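Contents: one structure, followed by commentary.
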Amino acid sequence: MFSTFQRIQQYCGFVTTVAVLLAAAISIASLIEDHYFINTPSASINMQSIDVRFGKPQIGYNYKRQEYALMKFDLEADLRPLFTWNTKQVFVYLAATYPGKPYANKVVVWDAIIQDKEEALISLHDATADYAIYDVTGKFNGRNATLSLEWNVQPYVGLLLWNKGAEREKFVFPPLKSTR
Amino acid sequence: MSSIQTVLLEGPIDFVGQQLADSITFYLVSIAGAIAFLVGIITGDISLTAYTGALLCSAGFVIVVLPWPFYNRHPLKWLAPTTQN
């Protein structure tokens with residue numbers, strides 16, 4: 001530490017070390033807080049209507065015309081407990097799961113990015129889904145499906161926390177509305 | 001090099017001063033980190049953690065890096081020159 005330059009090096013190196021340890025402490029504190037202290041957010045979903053139509057997909061190169069499902073829903077959710085000191089934003093989405101071969105299908109129909117605690121009180125009525133559901137086989141065949149609310153808490157420092165929302169609403173894909 | 005240049009660019013300090021600078025670095029920065037963590041967890045605002053930490057570490061930078069006179073209180077005693085035959 002004889003010269004100014006050496007002291008700058010030593011000092012800044014130690015500040016970096018302490019900063020990394022501080023980040024680790026904050027992420028561990030967040031994990032503990034999430035496990036023991038956070039109240040589960042409450043939510044309720046109600047599906048208003050679902051249409052199965054026939055046409056070209058909205059996005060992508062696929063030019064084949066096939067069945068797709070558009071839905072309208074009500075959503076009430078209070079995600080304010082998720083906003084701790086370490087929460088940067090919460091990504092919340094509504095996903096529809098239905099059976100298929102060889103694996104089950106899960107499609108996101110609506111999503112939102114919440115950046116403030118005030119925006120975390122969601123109250124949607126008669127909202128249309130952002131994305132339509134297209135099946136890989138091109139047909140729905142009246143399968144059973146479940147609509148669930150899930151969220152992903154993105155912290156400033158630490159691990160991403162995914163939570164399967166417990167709020168589910170079951171529905172059935174109706175038959176094709178109009179002929180091709 | 002003039003003595004002003006020596007002081008500003010090289011900033012030499014004696015050995016006792018170096019030990020003191022090392023201790024001050026360790027304790028000041030660790031305590032700054034601990035205080036920043038507590039401030040954040042108590043107020044519930046992580047930006048306060050960042051600002052408190054940055055403020056305390058900047059103050060520490062000024063205290064440790066610049067060659068203050070209290071680092072030079074024990075200058076090295078050189079022996080008197082001996083005459084060679």
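Coordinate-derived values only; no laboratory data. The model shown is predicted, which means the values in this text are computed figures rather than measured ones. Note: ideal-geometry Cβ built from the backbone for every residue, glycine included; neighbour counts use all protein chains shown.
Below, the figures for the structure above:
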quantity: More than 24 Å apart - percent of Cα-Cα pairs taken over the protein assembly as shown; calculated: 66
quantity: Degrees between helix A:4-36 axis and first principal axis of chain A (Cα, 0 to 90, nearest 10); calculated: 40
quantity: Separation of alpha-carbon centers, region B:33-67 and region A:115-138, rounded to whole Å; calculated: 41
quantity: At q = 0.21 Å⁻¹, base-10 log of I(q)/I(0) for region A:71-172 (Debye sum, equal scatterers on each alpha carbon); calculated: -1.10
quantity: Efficiency of FRET between residue A:21 and residue A:89 - r from beta-carbon atoms, R0 35 angstrom, step 0.05; calculated: 0.90
quantity: Residue A:167 long-range amide H proximity, modeled H, under 5 Å; calculated: A:149
quantity: Label point distance in nm, residue A:152-residue A:42, each placed 7 Å from Cα along Cα→Cβ; calculated: 2.8
quantity: Label-point separation, residue A:2 to residue A:63 (7 Å along Cα→Cβ), nm; calculated: 7.7
quantity: Partner chain coverage, peptide A:155-161 - average Cβ within 10 angstrom; calculated: 1
quantity: Under 5 Å, built H, 5+ apart or other chain: amide partners of residue A:87; calculated: A:156
quantity: From phi via Karplus (6.51, -1.76, 1.60), per-residue ³J(HN,Hα) for region A:47-52 in Hz, x at Gly/Pro; calculated: 8, 7, 7, 9, 10, 10
quantity: Sum of -39500 (n - 2.57) over DSSP H runs of 4+, divided by residues of the protein assembly as shown (222 nm, nearest 500); calculated: -11000 deg cm²/dmol
quantity: Isotropically averaged projected area of region A:1-100, using the convex hull of Cα atoms (one quarter of hull area), nm²; calculated: 13.1
quantity: Over 18 Å (Cα to Cα) - which of A:88/A:117; A:56/A:101; A:72/A:139 fall in this group; calculated: A:56/A:101; A:72/A:139
quantity: Candidates A:58, A:115, A:89, ranked by Gaussian network fluctuation over chain A, Cα under 10 Å, top entry; calculated: A:58
quantity: Average partner coverage of A:125-135, which counts Cβ from other chains inside 10 Å; calculated: 0
quantity: GNM flexibility winner over chain A from A:138, A:158, A:13 (Cα, springs under 10 Å); calculated: A:13
quantity: Pairs of Cα atoms farther than 17 Å apart, chain B, %; calculated: 62
